[in-house]
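The values are calculated or read from the model by the stated rules, or taken from the named source; none is laboratory data. The structure displayed is predicted, hence computed values, not measured ones. Neighbour counts run over all protein chains shown; Cβ positions are idealised from the backbone, glycine included. Heavy atoms of the whole protein, side chains included, go into the accessibility calculation; ligands, DNA and RNA do not. Shrake-Rupley method; radii C 1.70, N 1.55, O 1.52, S 1.80 Å.
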Amino acid sequence: MAFYFNEPSRTFNEYLLVPGYSSKECKIENVSLKAPVVKFRKGEKSELTMNIPLVSAIMQSVSDDRMAIALAKEGGISFIFASQSIESQVAMIKRVKSHKAGFVKSDSNIRPDQTLRDILDLKEKSGHSTVAVTDDGTSEGKILGIVTSRDYRVSRMSMDTKVSEFMTPFSSLVYANEGITLSEANDMLWDHKLNALPIIDKNDRLVYFVFRKDYDSHKANPNELLDSGKRYVVGAGINTRDYAERIPALVEAGADVLCIDSSEGFSEWQKETLSYVRENFGDKVKIGAGNVIDKEGFLFLAEAGADFVKVGIGGGSICITREQKGIGRGQATAVIEVAAARDEYYEKTGIYIPICSDGGIVYDYHMTLALAMGADFIMLGRYFARFDESPTNKLNINGNYVKEYWGEGSNRARNWQRYDLGGDGKLSFEEGVDSYVPYAGPLKDNITLSLNKVKSTMCNCGVISIEELQQNTKITLVSATSIVEGGAHDVILKDTTASPVR
Ligand code: IMP
């Protein structure tokens, strides 16, 4: 006879936190959101700790090198998507690792024979106003000049004007040679009253820009997550099929942590992949596994050698796995059960294996709930897809800005390995949709706001660390009617176009 769980499984929406006593210590500025990423022994510290408990999803529409740099600046980790060739994934990892804070590869480049129209198109696409003019139109070409909005007037010039006719030519540029330090570059920006300083190599090829605004933001990122060589920390997704080629290449490129990307991880394929890592790299390579949704699945991956375990099936915003296959579990219930299994395992073995709640975060308070229920950190897709830094197009639909967001199990991503446990990768049905999400602006502003809410809630609960939150918080189930009570109710929301009746 089948096994039946006694209780229905539940989502974050069905719970609320109940405040506890807050001492004067409980202030936002005292709250630490540090989170362990990989397993550690009792009395020791995790070898990889984030400054904020957020990672971005292993998805084409979420985590590329640009997202990884932006998130590492805020203290979290992106897992660069695995559904691409090994070469292109490696190139993304390398770009993150070679991105020196403050030194930026030029993302807007043009040839001198192109036109003002091309400049405007480029500006629209990248959102940046400094364009490098190079002989071959690439970010590494020989530098011939720069175009900024000071160099042209759209109202007075033909769209066909050649870039070479209005760019600021190399002979009039202030530039610096490769090898300059960030603080020397910053001095030059100030001394010459510049917004951008090109850094070139000995063959006059463009290497980086240093922007005044980036230098300021570097100073303003006290949480940035750096490795021992002061490079940004980055993760990478892998699959259970080409791991013997992909993993060595990613490790060589400098990936700090790996994660098996699979919709369902309680499988022999994951065990084999984890064994491969332990046999070939010992404990040097850190690797998470998943996804699972119960104690048995957690224990299997813990025993198989996972450094962290990812939790969640079917709760993702773009996910149709539950409809297509009828597998899954409410995300809150899955996290609660796996967290209990982790604690039991820790008691028994003295080894703490962090767990990551993956998918289904809709409101910011869901983050606090996931952490309070025992997640050490949280993976989000939809949340990050909305930002400037996600790799997808921004569109205007009926006056509203949106960004594209598609599932790894959609026809668009064609990441069949993620769903086909270890077979021939030729699944014939989708488990994800192709969608839009409302555009939300820069990552930094959004994360600051969301985490301030999390910290504020923690203060209400009388705690100032995630560990305390997990140990001391009171959580209550809510009835369907109290969910209605939780929103604005029994009022008519203001219509700003209405005028008073006299
Ligand atoms: P979200 O934060 O709710 O958007 O969920 C993101 C998570 O959904 C990812 O981290 C994956 O675990 C999962 N996911 C990504 N693509 C798909 C898909 O196509 N089908 C089902 N789940 C997906």
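Across the chain the C-alpha pair distances fall into 20 Å bins from zero in the proportions 21, 51, 25, 3, 0 percent. In segment 24-181, the DSSP beta bridges split such that about 70 percent are antiparallel, to the nearest 5.
Where both partners of a DSSP beta bridge lie in the chain, what percent of those bridges are antiparallel, to the nearest 5? In the chain, DSSP labels about 55 percent of beta bridges as antiparallel. The residue 1 and residue 245 beta-carbon pair, evaluated with R₀ = 60 Å, returns a calculated FRET efficiency of approximately 0.85. Sorting 250-263, 168-181, 193-206 by their mean Cβ neighbour count within 10 Å, with the most densely packed peptide first, gives 250-263, 193-206, 168-181. Apolar share of the accessible surface for the chain: 49 percent from carbon plus sulfur atoms, 1.4 Å probe. Potential lengthening of the chain between residue 428 and residue 128 amounts to 103.9 nm, from the contour at 0.36 nm per residue minus the alpha-carbon distance.
In this rough spin-label picture, where each label sits 7 Å from Cα along the Cβ direction, the residue 10-residue 499 distance is 5.1 nm. Beyond a 30 Å Cα-Cα separation, which of these cross-linked pairs lie in this structure: 45/444; 286/348; 94/142; 162/394; 295/474? Cα-Cα > 30 Å for no pair; all within. Taking every DSSP bridge with both residues inside segment 124-280, close to 70 percent are antiparallel. Sequence-ordered 3J(HN,Hα) estimates for segment 302-312 from the Karplus curve with 6.51, -1.76 and 1.60 and θ = phi - 60° stand at 4, 5, 6, x, 5, 7, 8, 10, 9, 10, x Hz, glycine and proline given as x. Per residue, segment 221-305 exposes 40 Å² of accessible surface when a 1.4 Å probe is rolled over the protein heavy atoms with every protein chain present. Among 43, 30, 98, whose Cα projects farthest towards the positive end of the dipole of segment 9-120, with charges put on the beta-carbon of Lys, Arg (+1) and Asp, Glu (-1)? Of the candidates, 43 comes out farthest on the positive side.
When +1 charges are put on Lys and Arg Cβ atoms and -1 charges on Asp and Glu Cβ atoms, the dipole computed for segment 154-283 relative to its Cα centre reaches about 560 debye.
Computed over the alpha-carbon atoms, segment 429-494 gives an Rg to Rh ratio of 1.09, Rh here being the Kirkwood radius from the mean inverse distance. Computed extension length for residue 283-residue 456: 58.6 nm, one decimal, from 0.36 nm per residue of separation with the Cα-Cα distance subtracted.
Normalised by 2.2 N^0.38 Å, with N the number of residues, the alpha-carbon radius of gyration of segment 1-141 equals 1.59.
If you sort 459, 319 by accessible surface, 1.4 Å probe, largest first, the order is 319, 459. Taking 7 Å steps out from each Cα toward its Cβ at residue 201 and residue 157 produces label points 3.0 nm apart. No solvent, one uniform scatterer per C-alpha: report log10 I(q)/I(0) for segment 288-392 via the Debye equation at q = 0.22 1/Å, two decimals. Debye curve over Cα of segment 288-392, log10 I(q)/I(0) at q = 0.22 Å⁻¹: -1.13. Sparsely packed loop sites in segment 31-108 (the GluC sites (Glu not before Pro) outside DSSP H, G, I, E and B with at most 16 other Cβ atoms within 10 Å) comprise 44, 47.
Annotation: amide H-H contacts under 5 Å for residue 61 (H modelled 1.01 Å from N, sequence separation of 5 or more, or interchain): 406. Each 10 Å bin, from zero up to the one with the longest distance, holds this percent of the alpha carbon pairs of segment 1-46: 15, 20, 31, 26, 6, 1.
Note on residue 11: accessible area is roughly 60 Å² with a 1.4 Å probe, heavy atoms of protein only. Pull the list of the chain cysteines that no other Cys approaches to under 4.7 Å, Cβ to Cβ. Here 259, 319, 356, 461 come out as lacking a disulfide-compatible partner, given the Cβ-Cβ threshold of under 4.7 Å. Taking amide H atoms as placed 1.01 Å from N in the peptide plane, list the residues 5 or more away in sequence, or in a different chain, whose amide H sits under 5 Å from that of residue 115. The answer is 163. Placing +1 on the Cβ of every Lys and Arg and -1 on the Cβ of every Asp and Glu, with nothing else charged, gives the chain a dipole about its Cα centre of roughly 1020 debye.
For residue 117 and residue 490, the difference between the fully extended length at 0.36 nm per residue and the C-alpha to C-alpha distance is 129.0 nm. Per residue of the chain, the DSSP helices (runs of n ≥ 4 H) give a summed -39500 (n - 2.57) that works out to -9500 deg cm²/dmol at 222 nm. Shown are 96, 90, whose ranking by accessible area with a 1.4 Å probe and every protein chain present, most to least, is 90, 96.
Ordering 287, 328, 315 by Cα displacement along the dipole of segment 282-331 toward the positive end leaves 315 in first place; charges were set at the Cβ atoms of Lys, Arg (+1) and Asp, Glu (-1). Residues whose amide H falls under 5 Å from that of residue 144, counting only those 5 or more places apart or on a different chain, are 133, 134, 135, with hydrogens built in the peptide plane. Accessible surface for segment 41-173, divided over its residues, is 44 Å² per residue with a 1.4 Å probe. When the convex hull of its Cα atoms is viewed from all sides, segment 377-502 shows a mean projected area of 14.2 nm².
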